[in-house]
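To start, the structure under review is shown below, and the notes come after it.
Every number here is computed from the coordinates shown, using simple stated rules; none is lab data. Keep in mind that this is a model prediction, so the values were computed, not measured. Cβ atoms come from the backbone with ideal geometry, glycine included; neighbour counts cover every protein chain shown.
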Amino acid sequence: RRLVKKSFFVSFPLIIMATKTAFDDLGPEANKTIDEFMESAAHNFNLSPTATPPKAPADMGPPKDAHEAKERGNACYKARQYAEAVGYYEQAINLCQDNEQLKIYYSNRSAAYFGLKMFNESRTDAIKCTELDPAWAKGWYRKGLAEEGLEKYHDAEESFRIGVDCAPRDEALQRALQEVKLML
């Protein structure tokens, strides 16, 4: 369900282009109505039909430390430049000496792999998070998402359940657990 929603948002500009092209023959009144609909949909979903993704940071040479690498990775991730984000998170992992931070870098790289639909790699990094800190709910959440992507719903349920045990008030984990139960 999450993947379908994500696909819609990524393809929104293409949908607009195809819709406008299909209705060109109907005249200016039809196009005006379509334009109003598209603007409304873009506003309701916080999308812009003509928007381009924000740019990732320019290549400024290698990051000086793990924190800077993570920040560059975060900028790439926000710009949906997941492959670049993976590279920066890899650098952060290699530069990091602190396990508390290391689990965050693995978690971020897991999310970037997930964005690339590289679910095995996402799961591997999520497992590393849970090994570094078994009580960290976010690691279990990442693992569950990756397992859901791999269609390993029983494993995902177990991961989400452990995450909920670690953080009983985490609504995202509770929601994920309920949703994966529907897939079993």
When you count, for each residue, the other Cβ atoms within 10 Å and take the mean per peptide, how do 145-151, 62-68, 87-93 rank with the highest first?
87-93, 145-151, 62-68
With each label point set 7 Å from Cα along the Cα-Cβ vector, what nm distance links K117 and H67?
3.8 nm
Assuming R0 = 45 Å, can you tell me the calculated FRET efficiency for the pair R175 and A79, based on Cβ-Cβ distance, to the nearest 0.05?
0.95
With a/c under 1.5 counting as rounded, go ahead and sort the stretch 60-106 into rounded, prolate or oblate using the C-alpha gyration tensor (a ≥ b ≥ c being the square roots of the eigenvalues; past the cut-off, prolate if a/b is larger than b/c, else oblate).
oblate
In nm, to one decimal, how far is the Q97 label point from the Y153 one, both placed 7 Å along Cα→Cβ?
4.8 nm
